[in-house]
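Inspection log for the structure reproduced underneath, given as structure tokens.
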Amino acid sequence: MSIPIQISVGSNIPIYWQIVDQVCKAVAAGSLVPGDQMPSVRALAEQLVVNPNTVARAYSDLVRDGVLETHRGKGVYVAGRRSVFSKEEQDRRMDQALDVFLHEAMLLGLTGAEIVDRLSAKLSVLSKSSTGETVDE
Amino acid sequence: MSDYAIEAHGLTKYYGSREIVSRLDLAVPRGSIFGFLGRNGAGKSTTIRMLMGLVEPTRGAATVLGYDCRNLPPEARARIGYLPEGHNVYDWMTVEQCRNFQSAFHARWSDKIFWGVIDHFGLKSKAKAKNLSRGERAGLCLALTLAPEPDLLVLDDPALGLDPVARRSLLESMIYVTRKEDRTILFSSHLLADVERVTDRIAVLDGGVLRADCLLGTFQERIRRFRLKFEGSVPDPAALPKLLHSTPGDHELLLTFANSDRDVQDRLSALAPTRIDEVPIGFEDAFIDFIGDRGRKSLFLDESAQ
């Protein structure tokens, strides 16, 4: 089974992290659904042409974070329901994401009010598209 | 069986009064893919030739698969696949004749592997070696090296002169080879993107001296780059500890450090910048800053350094 993961070697982002990130994004976007079987560590390593230990590390992080789960003797699968992060871990991740977002917004000179407006607009677009309505430009 | 496919202690080589390799201690874990890096002339090929028993060390010792490198018996050579720099073959031989020639030396030989690699590189059995491109010769040499199913592969700059497709085939073969868990690969390379893809551990040789010996991830974590912005003039960073490289800019400094710690952070703050940001740095840039001119501060990177 071929997973649509593309890694970019020579970027500033370590390879194992790119794999983690892309699997998470595929799950969030729905191109990987709960119950889907992931390729074995070796198969993915050979597909991406990277060291199997790098893939193993990515899978290990994904299992730890509850995105993937192992079925003993059968392999690695997309987890049925994302395990709930601990409150501390949720807070930590959210803080990190907010720092990046706000840093960029400030760099661009947005006021607090503008930031909130943009955020609200984005949120309403997201909720519309998830209910199947089309979004016109 | 030892945990290490290769162990070197104090390996040293002088040519006349020139020290080419200086007191090298190395341990290549069994089952690992080990990248041997360094600038041209750093001593990598000489080290490899010493390990393969082709050059006599001036001092020091090494074992390869448990055998003394100065005296590798046939049973050791049967388990080592050595691919020297340059992909040399007898140019009057065809691919098939090379196979016949090489297989006669080996008790163990897999035609399945030989022709599999030949096929992977798109070669024909009747092709004459002298008509092969560089990449095709590399494929042939790799097939000849892999067919005896060696436990240890030693590849000296195997991607030299290869086009991107051949390079990719080479990498794929390297990963494929490690399907058998006890197989070890030691290879030297300048192609840092390839090194980043496939290695577990790296060792960096600089002017004959070992300057790093660690997991690839450790190297990447320990080399960090910061951007400092200044309102007025930009201070001279030369006195900063653990500094590998500095790039001055317009009211800013870009600084790369090895093993940056609390002390470094304090010294950066003491320069009174208006802001300090960490800037992500890729493996190639980190390596260049580590090994470049400014890096001559004997900074050593291994698992234990902090």
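Laboratory data are not the source of any read-out in this text; all were calculated from the coordinates shown. Everything quoted here is computed from the prediction, not taken from an experiment. Here the Cβ positions follow ideal geometry from the backbone for every residue, glycine too, while neighbour counts run over all protein chains shown.
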Percent antiparallel among DSSP beta bridges confined to the protein assembly as shown, nearest 5, equals 70 percent
Which of A:VAL116, A:VAL55, A:VAL78 moves the most in a Gaussian network model of chain A with Cα springs under 10 Å? A:VAL116
Under 23 Å Cα-Cα from A:LYS74, which lysines qualify once same-chain neighbours fewer than 8 residues away are excluded? B:LYS180
Gyration tensor (alpha-carbon) shape descriptor, the protein assembly as shown, a/c threshold 1.5: oblate
So what are the ³J(HN,Hα) numbers for segment B:70-87, from phi and the Karplus equation (6.51, -1.76, 1.60; θ = phi - 60°), rounded to whole Hz, Gly and Pro as x? 6, 8, 6, x, x, 5, 6, 4, 5, 9, 10, x, 9, 10, x, 4, x, 6
Looks like segment A:87-131, by Cα gyration tensor root eigenvalues a ≥ b ≥ c and the a/c under 1.5 rounded cutoff (else prolate when a/b is bigger than b/c, oblate otherwise), is oblate
Residues whose placed amide H lies under 5 Å from that of B:ASP206, excluding near-sequence neighbours: B:ARG211
Could you pull out every residue, at least 5 positions away or on a different chain, whose amide H is within less than 5 Å of the one on B:SER260? Hs are placed 1.01 Å off N in the peptide plane, and Pro or chain starts have none. B:ARG224
Suppose each label sits 7 Å from its Cα in the direction of the beta carbon; what would the A:THR70-A:ASP91 distance come out to in nanometres? 3.2 nm
Quick calc: nm separation of the 7 Å Cα→Cβ label points for B:ARG179 and B:SER133 -> 2.7 nm
Mean-square fluctuation maximum in Gaussian network of chain B, Cα pairs under 10 Å, restricted to B:VAL165, B:VAL204, B:VAL177, hits B:VAL165
Debye, to nearest 20: dipole size of the protein assembly as shown, +1 on Lys, Arg Cβ, -1 on Asp, Glu Cβ: 1360 debye
Hey, got the dipole for chain B? About the Cα centre, +1 on K and R Cβ, -1 on D and E Cβ, debye to the nearest 20? 800 debye
Separation of the B:SER233 and A:GLU114 label points, Cα + 7 Å toward Cβ, nm: 3.7 nm
From phi via Karplus (6.51, -1.76, 1.60), per-residue ³J(HN,Hα) for segment A:105-118 in Hz, x at Gly/Pro: 4, 5, 4, 7, x, 6, 7, x, 5, 4, 4, 5, 4, 4
Could you tell me whether segment B:219-302 comes out rounded, prolate or oblate from its Cα gyration tensor? Rule is a ≥ b ≥ c as square roots of the eigenvalues, rounded for a/c under 1.5, then prolate if a/b exceeds b/c, otherwise oblate. prolate
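With the contact rule set at Cα under 8 Å and sequence spacing of 6 or more, what percent relative contact order holds for chain A?
18 percent
In peptide A:10-19, what is the residue-averaged number of other protein chain Cβ atoms found within 10 Å of each Cβ?
Working: counts 9, 6, 9, 2, 8, 6, 1, 0, 0, 0.
If you average over the peptide's residues, the count of other-chain Cβ atoms is 4.
Tell me which GluC sites (Glu not before Pro) from segment B:163-247 have a DSSP coil assignment and no more than 11 other beta carbons within 10 Å of their own.
B:GLU181, B:GLU231
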B:THR274: net charge of surrounding residues, Cβ under 9 Å, Lys/Arg +1, Asp/Glu -1, itself excluded? +1
Report, in deg cm²/dmol and to the nearest 500, the calculated mean residue ellipticity at 222 nm for chain B, where each DSSP H run with n ≥ 4 adds -39500 (n - 2.57) and the sum is divided by the residue count. -8500 deg cm²/dmol
Have a look at A:ARG72, A:ARG57, A:ARG42 and tell me which one the Gaussian network model of chain A (Cα, springs below 10 Å) gives the largest fluctuation. A:ARG72
